[in-house]
């Protein structure tokens, strides 16, 4: 009798481990995973953890070719390579960030750096706000919830680092995204 109970427990443990492995593989199958107000997704060789505001603006982490960047995409046009300043604020901190317009796929994004300042704010949770100059001379403000951000970003970084464990050549200099970090060098 005791042997049967132990075998059932072992079977249940194996089933639990198998189901956990399947859920961890969700990003490998190009699926969208929602974690709080954030989403994590994998498409081809790119991985992304992101959230959106009530408007068309998105904020997130994008990883591809052994490099990760934080970005702000607000639907405004910008010239590739152009730079500007953005104020990032949360309940516990504020920082002035540099942004650089870069092409990611078919879209233009404002890459945020320094990377460490953005990561530090995300770790604190709550809400993050970005104030950026608009082409009209006004200031545009976008607010984003950080609920689920740590889980989504951890999932993306773990998968990105595992994809890049084998030594691979670095991307050519013209393909390097501004302010990027290697996923294996990022500590949450």
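What distance in nm separates the two pseudo spin-label positions at residue 158 and residue 129, each 7 Å out from Cα along the beta-carbon direction?
Rounded to a tenth, the inter-label distance reads 3.4 nm.
Counting only C-alpha contacts under 8 Å and six or more residues apart, can you give the relative contact order of the range 62-145 as a whole percent?
26
Enter the per residue convex hull volume of the range 36-188, computed from alpha-carbon coordinates, in Å³ rounded to the nearest integer.
Dividing the Cα hull volume of the range 36-188 by its residue count gives 106 Å³.
In nanometres, what is the gap between the two model label sites at residue 98 and residue 80, each 7 Å from Cα along Cα-to-Cβ?
Label at residue 98, label at residue 80, 2.0 nm between them.
Given contacts defined as C-alpha pairs under 8 Å and at least six residues apart, what's the relative contact order of the range 31-185, whole-number percent?
Averaging sequence separation for qualifying contacts and normalising by length gives 26 percent for the range 31-185.
Give me 32, 97, 87 ranked fewest to most by other Cβ atoms within 10 Å of their Cβ, as a rough exposure proxy.
The most exposed by this proxy come first: 32, 87, 97.
Estimate the FRET efficiency between residue 139 and residue 119 by the formula 1/(1 + (r/R0)^6), using the beta-carbon distance for r and 22 Å for R0, to the nearest 0.05.
E(calc), rounded to 0.05, equals 0.35.
For the range 50-97, what is the relative contact order in percent, using Cα pairs closer than 8 Å and at least 6 residues apart in sequence?
Computed value for the range 50-97: 22 percent relative contact order.
Every number in this text was worked out from the coordinates using simple rules, so none of it is lab data. Model, not experiment: these values are computed from the prediction. Cβ sites come from the backbone with ideal geometry, for glycine too, and all protein chains shown count toward neighbours.
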